[in-house]
Amino acid sequence: MRVLAWAVCAPALASVAVGLDGGMGVRSKDPPRPSLSVLEAGPKFAQVQEVCSTILMYVGLLLAGCLAAWMKGPSAPSQIQDTPRKPSARPKAAPAVVVEPDSAVYMGVYAKLTDRDQDAVSAADAVRDVISSLPGLAVDRVEVSSVEWKESGFEVDLIVLPVAARKCAEFTEQVVGFASTLEAAAISAFGADKVVSQETHFSVSIEGGSVAVSFAADFDDEPAELLKAIKTSAPNVRKLFQSCLRLQWKKLLLRQPATVQRTARLMKWWMEHQTFSSVFHHPPPRLMEAATIYASATTQYRSISELMAATRAVLLDLPDAKITWGEGLARFSIYAPAEVQRNVRSQKPMLMDPVNPYNNLANKRIFGCEELVGALREARWWVPFRESGLCPAEGEMAVLRAQLAAEVVVLPLAAKAGLEDRRPKSAWRPGTASTLQRSVQSVLNKITEENFKLMAGKLVETATSDVVQTSDDLDVLARVVFTHATREPRQCFAPLYADLLQELTKQCPSKTRGNGLYSFKQALLDCFQTEFEKLPDPTAVEDQDWPSMEEKQVAYNKAKDKGMGLVVLLGEMFNRTVVSRKVVTHVVERLLLSEGSVAEHSLEMGIRVLGLVKEKIQRQEEGVAMVQACRARMVGLAEAGPRASRVGFMLMDALEML
């Protein structure tokens with residue numbers, strides 16, 4: 001067929017190419033010879049004929065090329081293209097081993113973050129003191145809602161709760177006048193250039209950062225009333241309830257187990273150390289915390305690292321998420337899923353705010369989650385925890401692992417309705433004791449020499465309130481204060497805590513236990529006896545096998561500091577008549593006058609407590625006899641065989657002191 005087509009078309013193409021002499025085919029140097037018809041028709045017709053001839057020439061050439069390509073058929077396969085490439089003889093590199101941080105690393109970072117946050121809160125206490133000391137202004141309490149860290153410093157959010165504003169109507173009526181009065185007081189205390197007024201709050205610039213002061217009503221017992229007020233209020237009034245929602249959010253976090261609170265803080269810190277291209281791609285402040293709570297409720301975890309991995313998995317699935325806190329998760333939300341509006345329920349992705357049914361934290365109109373998911377998808381997403389200056393040293397790892405191992409493991413419920421609570425009986429649950437412990441710990445974290453009177457008054461107020469109802473609550477109060485006082489390094493705050501214990505001993509009322517009364521002083525002595533009896537022996541710790549000398553030294557110093565903290569606090573309490581002479585005599589006899597040899601750490605603790613109590617204890621005959629017996633024992637130890645030079649000098653100083 002191809003040969004026949006070529007035979008038919010070739011003569012026609014040839015005739016087209018050479019049939020017209022006026023401008024076709026051949027382009028010689030000599031001008032074309034005009035035909036008779038052209039001469040007779042005139043110059044205009046000659047131009048038209050030349051144009052048509054040129055067009056026909058190009059059409060003919062195009063047809064000839066197409067016909068030649070068709071007759072040639074498909075090209076032969078290329079040997080270069082079809083020959084498979086030989087695999088490279090170079091061996092592939094082994095994949096890099098990616099080792100994620102264990103729970104001890106996360107715990108160390110969290111501990112340092114907590115200390116940093118407490119430093120910011122302590123710096124903001126100046127604003128709190130101004131608020132609490134205003135005359136004629138009824139303030140129920142002042143709470144720290146959150147602590148944020150920016151390039152310019154910290155940002156502490158203080159929420160002030162007026163006494164009268166306990167209902168929606170009272171709150172909306174009184175908050176405007178209350179805010180103006182408080183802002184005027186802040187301007188008077190810090191200066192007009194330090195106070196910036198906003199629409200719903202005002203900010204005070206202090207050294208190291210700023211403090212935002214807002215106002216709220218406590219709707220803890222009736223959150224439905226708060227949601228109803230938000231729904232029915234005008235837009236300008238609705239903004240006033242934002243601080244109330246922040247207060248509800250803080251209470252939700254405090255109700256979570258310690259592991260969940262730590263993980264939420266760590267994930268939030270990780271988010272703060274990521275770089276996002278715009279504000280649109282920066283996650284909302286509550287997103288990381290809400291994802292952590294959801295992960296804790298829907299997965300089983302036994303450590304911080306496992307919960308971190310579960311939270312990461314929740315955030316990786318965020319583009320397809322539909323989380324409304326239903327189906328067994330109602331305990332985490334202050335509203336029912338049916339209260340979410342229809343236009344909000346249709347949104348995707350969705351991660352609802354547990355305290356606000358009108359707020360979708362993953363709303364794609366205000367937050368693009370692509371960059372967040374991309375950062376979490378990286379194999380080494382946890383690098384900020386390893387490379388930050390907050391990562392604990394190798395010597396601290398053993399102590400952190402031991403602390404985590406001693407904690408109660410919490411296995412949360414699965415996200416299914418109708419399942420019973422299968423957590424261990426010893427697991428944390430919201431209750432009076434936990435509320436008391438958090439309240440006392442919060443005050444102790446802020447106490448300093450400058451604000452001692454204010455903090456001690458708050459602690460005494462807590463101890464005499466309805467929070468402390470039973471003798472068990474007295475035990476909790478005594479244990480928290482005693483533990484906090486004895487764990488301070490270098491015992492430099494022991495006199496401060498002794499003054500605090502003296503105030504609590506005087507003002508804390510006794511509770512019924514059995515057939516008698518149980519006082520705070522008895523609870524305190526029980527704590528001291530328990531801790532003293534189980535005091536670790538630094539020599540035994542030193543004799544154990546340790547992976548490294550650093551971990552061995554850390555464990556030794558910890559055991560030694562704990563014992564020293566006990567005896568220093570005992571001496572300060574004796575000087576303030578919190579404990580009797582019999583208690584001090586018993587401790588000194590155990591440390592210095594026991595049969596057999598005296599260990600080095602016992603000798604050091606005994607000398608330290610004697611140096612604190614010798615002036616007061618020698619006012620009694622029994623005390624003088626005890627001091628003389630201790631001096632005779634030290635003389636015998638000094639005259640005995642050779643000892644380390646440090647121990648020898650310590651004995652010489654003690655003998656001069658006594």
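Some notes on this structure:
Table: residues versus (1) surrounded by 17 or more Cβ atoms within 10 Å (Cβ to Cβ); (2) of a type in the set (A, V, I, L, M, F, W, C).
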{"residue": "H484", "(1), (2)": "yes, no"}
{"residue": "A498", "(1), (2)": "yes, yes"}
{"residue": "K506", "(1), (2)": "no, no"}
{"residue": "P509", "(1), (2)": "no, no"}
{"residue": "G514", "(1), (2)": "no, no"}
{"residue": "F520", "(1), (2)": "yes, yes"}
{"residue": "F528", "(1), (2)": "yes, yes"}
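- Residue match in segment 611-628 (condition: within 23 Å of Q502 (Cα to Cα) and under 42 Å from the mean Cα position of the chain (by Cα)): yes
- Taken together, the criteria exclude R590 from residues that are under 26 Å from A498 (Cβ atoms) and outside any helix (DSSP H, G or I).
- Failed condition for S146, given (1) farther than 28 Å from Q261 by Cα; (2) at pLDDT 65 or above; (3) surrounded by 15 or more Cβ atoms within 10 Å (Cβ to Cβ): (1)
- Under the condition of being under 24 Å from the mean Cα position of the chain (by Cα) and in a helix (DSSP H, G or I), the residues counted in segment 302-329 number 15.
- Hits in segment 596-640 - residues which are of a type in the set (V, I, T), loosely packed, with under 15 Cβ neighbours inside 10 Å and over 19 Å from F574 (Cα atoms): V635
- Scope segment 188-216; condition open to solvent by 50 Å² or more (accessible area, probe 1.4 Å) and in contact with a Phe, Trp or Tyr (Cβ under 9 Å, 6 or more places away or on another chain); matching residues: V196, T200, H201, S205
- Considering segment 443-465, the residues that are of a type in the set (S, T, Y) and at pLDDT 80 or above include one that is surrounded by the most Cβ atoms within 10 Å (Cβ to Cβ), namely T462.
- Residues in segment 551-583 that are open to solvent by less than 40 Å² (accessible area, probe 1.4 Å), part of a helix (DSSP H, G or I) and under 19 Å from A523 (Cβ atoms): G565, L566, L569, L570, E572, M573, F574, V583.
- When residues of segment 256-277 are limited to those that are within 15 Å of L315 (Cβ to Cβ) and part of a loop (DSSP other than H, G, I, E, B), the one least open to solvent (accessible area, probe 1.4 Å): F276
- Considering the conditions (1) at pLDDT 85 or above; (2) within 22 Å of the chain's Cα centre (by Cα); (3) open to solvent by 10 Å² or more (accessible area, probe 1.4 Å); (4) of a type in the set (D, E, K, R), R386 is excluded by exactly one of them, (1).
- Test: residue in segment 285-301 that is within 23 Å of I334 (Cα to Cα), of a type outside the set (D, E), part of a loop (DSSP other than H, G, I, E, B) and touching a Pro at 6+ places or on another chain (Cβ under 8 Å): yes
- G596 being of a type in the set (G, A, S) and touching a Cys at 6+ places or on another chain (Cβ under 8 Å): no
- Residues located in segment 254-284, provided they are free of Cβ contacts under 8 Å to residues at least 40 places away in the same chain and farther than 22 Å from G368 by Cα: Q261
- Residue check for G648: under 20 Å from M564 (Cα atoms) and touching a residue at least 12 places away in the same chain (Cβ under 8 Å): no
- Residue check, K364 open to solvent by 10 Å² or more (accessible area, probe 1.4 Å), touching a residue at least 24 places away in the same chain (Cβ under 8 Å), in a loop (DSSP other than H, G, I, E, B) and among the charged types (D, E, K, R): no
- Matching residues, segment 80-125, being farther than 30 Å from S205 by Cα and modelled with pLDDT of 80 or more: S103, A104, V105, Y106, M107, G108
- Tally, over segment 627-656, of residues that are out of contact with any Leu (no Cβ under 8 Å at 6 or more places or on another chain) and assigned to a helix (DSSP H, G or I): 12
- Any hit, segment 336-350, residues being touching a residue at least 12 places away in the same chain (Cβ under 8 Å), assigned to a helix (DSSP H, G or I) and under 21 Å from the mean Cα position of the chain (by Cα): no
The values are calculated or read from the model by the stated rules, or taken from the named source; none is laboratory data. Note that the structure is predicted; figures quoted are calculated from it, not measured. Backbone-built Cβ (ideal geometry, glycine too); neighbour counts: all protein chains shown. Side chains are part of the model used for accessible areas, which takes the heavy atoms of the whole protein and leaves out ligands, DNA and RNA. Shrake-Rupley method; radii C 1.70, N 1.55, O 1.52, S 1.80 Å.
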